[in-house]
Each structure stands twice: as C-alpha cells, then as structure tokens.
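**Student:** The following block contains the structure, expressed as structure tokens.
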Amino acid sequence: MRTNTTSIQSERLRLIKGGKEYFDLLKELIAKAEESIFFQTYIFDEDETGTAIADALKAAASRHVTVSLLVDGYASKGLSKSFVMNLKETGIKFKMFDPLLKSKYFYLGRRLHHKVVTVDAKFSLVGGINISNRYNDMPDEPAWLDWAVYAEGEISEVLAKICERRMQPRSLKQFIKRSGRSYRKNQIGPVKVIENDWVQGKREITKSYMDMFRRAKNSIIILSAYFLPNDQFRRKLRAAVRRGVKVQVILAGTSDIKVAKYAERYMYQWLLKNGIEIFEYQKSVLHGKMAVCDGEWSTVGSYNINTVSAYASIELNLAVTDRAFVRQAEWQLHEIMLKNCMKITAQQVEASGWITKMGQQAAYYLYRVLFFVFTFYFKQHE
C-alpha cells in the first residue's frame with residue numbers, strides 16, 4: 001500500500017501486545033532514557049499502573065532527563081491536584097490538552113487521542129494503549145486487547161518533533177491555520193507516520209484506509225474496537241469484496257460502551273450481506289486498532305473506524321510495509337480469530353428479536369448524529 005507521510009527507510013520494528021509485555025517494555029525504555037522523553041496519551045489514570053509509570057517518569061526526571069507529559073484534558077481529568085503537583089515538583093513538564101469547550105457532560109472540539117512515547121528521539125512506542133489498569137495484566141483480570149509498535153531509528157525523531165509541537169502553546173491564528181494536503185502517493189517506505197487532525201486539515205489515516213481498499217488484491221483483516229464506519233468507508237469495503245478481496249473484521253464481543261456496541265451490531269446484517277466475515281472477540285474487552293492487507297501493509301495506532309477518529313480527534317498511526325512485521329501482525333490476527341473469537345453468522349443475526357433490532361437501529365442513528373455534531377466522551381468510557 002502507498003500512503004502519505006514522512007517515509008523512513010531503515011527501522012527496527014516489533015509488534016507489542018498490550019498488558020504486561022507493553023508496560024514492561026515501557027518502563028524499560030523510560031529507565032534507559034538519557035536525554036529526553038515525550039509521553040503523550042489520552043487516558044492517564046491514578047491507579048497502580050498509572051502510579052508505576054509516573055514513578056518511572058519521576059525517576060527519569062531526577063536523572064536530569066527532560067520529561068514532557070501531555071494528557072487529554074477530559075479523559076484524564078480524574079488526576080488529582082496532588083498527583084499532578086508531585087509530577088511538576090520533580091521537574092516533569094506536565095500539560096493538559098484542552099478542547100474548544102467542555103463541561104462535566106460534554107466535550108466539544110478535538111480530543112488528544114493519540115498514544116505516543118519517544119525516548120531520546122531514538123526509541124518509540126505508538127499504539128492504542130492508555131495508562132490504566134484496564135490496559136495492563138492485573139492479578140484478577142487480563143488486559144484489554146490492544147497493540148503498539150516498537151520502533152528504533154529515524155522514525156523516533158519524526159515522532160519526537162510531532163510531540164514537541166503538541167507541547168507548544170499556539171496562538172488563535174496558528175490554531176485555525178490548516179496545513180494543507182500532505183498526501184503524496186509516490187512516497188514508499190517500511191514505516192510512516194500518518195495522522196488525522198481536522199484543525200490542521202490532516203486526514204492521512206482515513207486516506208490510507210481508502211487507498212488500502214482500492215489497491216487490495218487478496219485479503220483485508222481489520223481489528224477495530226469501536227467500528228461505526230461512515231458511508232464512504234462502507235462503499236469502499238463493498239467494492240473491495242466485489243473485486244474478490246476476502247474481508248474479515250474482528251470486533252468487540254464485550255464493549256466498555258454498551259450503547260456503541262448495540263449500534264455496531266445494527267451493521268452486522270449489512271456486513272454479512274456484502275460478504276464480510278465478522279468475528280467477535282471473547283477473551284476480554286477489545287480496544288485495539290489495527291489492519292493488515294495482502295501480507296504487504298499494516299496500520300497500528302489510535303485510530304478507530306468511526307466519525308470521531310475521522311473528524312474530531314488527534315490520531316496517530318504507523319503505516320508499515322516491512323514484510324516481516326506485516327506477516328507477524330497478520331499471524332496474530334489469524335490466531336485471535338481462531339482461538340479467541342466467535343464467528344457471527346447470518347442465522348444468529350436473523351434470530352435477534354424485532355425489539356432488539358429496533359433498539360440497535362435507534363442506537364446506530366443516534367450515535368451517527370452525536371458523532372457528527374459533538375465528540376461526546378461519556379464517563380463510563382474514561
């Protein structure tokens with residue numbers, strides 16, 4: 001697949017599963033930092049996992065490492081004043097990312113939804129994993145299923161520059177200035193940074209999916225936690241299937257947002273009717289955002305396939321064409337479908353009662369309207 005963005009020709013890449021594997025690596029990277037850490041995430045909770053990561057960051061700051069921590073102003077609003085003050089007192093540059101307008105009940109404007117960590121502009125982690133017990137393997141409960149990419153090399157310099165810009169205060173003129181189109185199809189490389197940010201006019205991740213649908217020849221597998229694609233996305237999916245591409249989607253069996261899952265199931269009939277196979281993940285809550293195509297292209301990051309990620313959030317993925325990495329990602333997705341999923345059939349969908357179907361339809365159209373007008377982030381999803 002060809003995608004927009006900065007192209008890096010030589011990298012070390014590894015797919016990292018959420019839970020203990022991710023957090024052990026994260027703490028290892030923080031511990032070996034010598035110069036700088038940029039840490040930007042959506043949710044940072046003040047629980048065992050959050051406290052452990054905060055302690056690691058404070059230890060780095062005490063070694064005179066420059067530590068910059070940026071968290072979303074609404075999703076991480078539960079952090080106590082004493083917790084934040086302690087971070088700042090140890091020398092950490094802490095900042096909350098704020099939207100245009102917010103209150104206890106709504107959130108209007110961009111969310112800082114990307115999850116990026118860079119260390120010394122040499123090592124980086126990019127994915128969908130927040131800092132909370134839910135994303136870690138705890139004694140009484142496994143982590144929510146999620147993924148990240150570990151990368152070494154030049155890509156970490158690109159990511160560090162992106163994080164540095166996010167930390168800088170902006171004037172109103174800078175805020176509304178659009179960056180213009182940066183989509184250059186002639187750039188090819190094993191790993192690329194792709195972003196979505198409606199204020200800056202960036203729709204690189206969305207366009208990379210559209211490009212994938214157009215160019216796919218054999219197979220597409222999409223793993224998506226909150227799968228509510230718009231009409232354009234659905235048309236491209238259907239066109240790929242009609243060309244003979246096998247399309248499989250891995251969706252949540254249990255979701256942390258019940259109404260969103262209800263809305264998602266409204267689309268099952270359409271998906272099955274158009275030859276798209278559906279697998280519901282059963283082992284725990286699904287939170288990952290990943291796709292692979294033809295064993296040649298993969299994308300991993302924070303981007304959900306819905307209107308919020310497409311138009312109302314700051315999102316960041318890595319698009320990878322390194323064959324070894326893509327094959328590893330593809331193998332992982334096949335293993336998940338085989339061992340941890342229930343395949344949904346047309347008979348199961350038809351067996352739903354008419355009251356259930358009406359409720360799903362109502363939830364679907366309600367979410368489409370709300371996603372279009374506002375970025376609601378209800379408390380149960382914090």
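**Student:** Quick one: if the Förster radius is 35 Å, what FRET efficiency do Ala239 and Arg12 give, using the C-beta to C-beta distance and rounding to 0.05?
**Tutor:** Efficiency, from the Cβ-Cβ distance: 0.45.
**Student:** How big is the C-alpha Rg of the range 242-301 next to the rule-of-thumb value 2.2 N^0.38 Å, as a ratio?
**Tutor:** Cα-based Rg divided by the globular estimate yields 1.23.
**Student:** Between Arg323 and Trp270, what length comes free when the chain is fully extended (0.36 nm per residue of separation minus the Cα-Cα distance, one decimal in nm)?
**Tutor:** Net length gain for the segment: 15.8 nm.
**Student:** Would you please give the residues with an amide H less than 5 Å from that of Tyr226, counting only those at least 5 places away or on a separate chain, with H modeled from the backbone geometry?
**Tutor:** Amide H neighbours of Tyr226: Ile305.
**Student:** Where does the range 185-324 land on Rg/Rh, using Cα atoms and the Kirkwood Rh?
**Tutor:** Across the range 185-324, the Cα-based Rg/Rh ratio is 0.94.
**Student:** Give, as a single signed number, the net charge of other residues whose beta carbon lies under 9 Å from the beta carbon of Asn304, with Lys and Arg counted +1 and Asp and Glu -1.
**Tutor:** Value of the local net charge: 0.
**Student:** Sticking with this one: Simple spin-label model, 7 Å along Cα-to-Cβ: Lys88 to Met210 in nm?
**Tutor:** Going by the 7 Å Cα→Cβ label model, 4.3 nm.
**Student:** Over the alpha-carbon set of the range 41-150, divide Rg by the Kirkwood Rh and report the Rg/Rh ratio to two decimals.
**Tutor:** So for the range 41-150, dividing Rg by the Kirkwood Rh gives 0.96.
**Student:** Something else about it: If you stretched the chain out fully between Ala52 and Gln232, how much longer would it get, using 0.36 nm times the residue separation minus the C-alpha to C-alpha distance?
**Tutor:** Separation in residues times 0.36 nm, less the Cα-Cα distance, equals 60.6 nm.
**Student:** Compute the signed sum of charges (Lys and Arg +1, Asp and Glu -1) over the other residues within less than 13 Å, Cβ to Cβ, of Glu277.
**Tutor:** Charge balance near Glu277 sits at +2.
**Student:** Shifting gears a bit: Keeping all protein chains in place and using 1.4 angstrom, which order do Ser76, Ser82 fall into by accessible surface area, from largest down?
**Tutor:** Result of the area sort, largest leading: Ser82, Ser76.
**Student:** Now for a different question. With θ set to phi - 60°, apply the Karplus curve 6.51 cos²θ - 1.76 cosθ + 1.60 along the range 205-212 and write out the HN-Hα couplings as whole Hz, x wherever there is a Gly or Pro.
**Tutor:** Listing the rounded values in order: 5, 4, 5, 5, 5, 4, 5, 4 Hz.
**Student:** Using a Förster distance of 56 Å, how high is the FRET efficiency between Ile355 and Arg63, based on the Cβ-Cβ distance and rounded to 0.05?
**Tutor:** Efficiency, rounded to the nearest 0.05: 0.40.
**Student:** Hey, another quick one. Please state, rounded to one decimal and in Å, the Kirkwood hydrodynamic radius that the range 260-351 gives when every pair of distinct Cα atoms enters the mean of 1/r.
**Tutor:** After inverting the mean inverse Cα-Cα distance, the result is 14.9 Å.
**Student:** A follow-up question, please. Say each of His334 and Glu157 gets a label point 7 Å from the Cα, pointing the same way as Cα to Cβ; how far apart are those two points in nm?
**Tutor:** Once both label points are built, they end up 3.7 nm from each other.
**Student:** So, one more: From the cross-link list Lys161/Lys283; Lys58/Lys115; Lys17/Lys58; Lys27/Lys161; Lys20/Lys202, which pairs have alpha carbons spaced over 29 Å apart?
**Tutor:** Correct reply: Lys161/Lys283; Lys20/Lys202.
**Student:** While we're on this one: Could you give the C-alpha radius of gyration of the range 305-355 expressed as a fraction of 2.2 N^0.38 Å, taking N as the number of residues it contains?
**Tutor:** Ratio of Cα Rg to 2.2 N^0.38 Å: 1.75.
The values are calculated or read from the model by the stated rules, or taken from the named source; none is laboratory data. Remember, it's a predicted structure, so these values are computed and weren't measured experimentally. No Cβ is skipped: glycine too gets one built from the backbone with ideal geometry, and neighbour counts run over all protein chains shown. Only protein heavy atoms, including side chains, enter the accessible area calculation; ligands, DNA and RNA are left aside. Shrake-Rupley method; radii C 1.70, N 1.55, O 1.52, S 1.80 Å.
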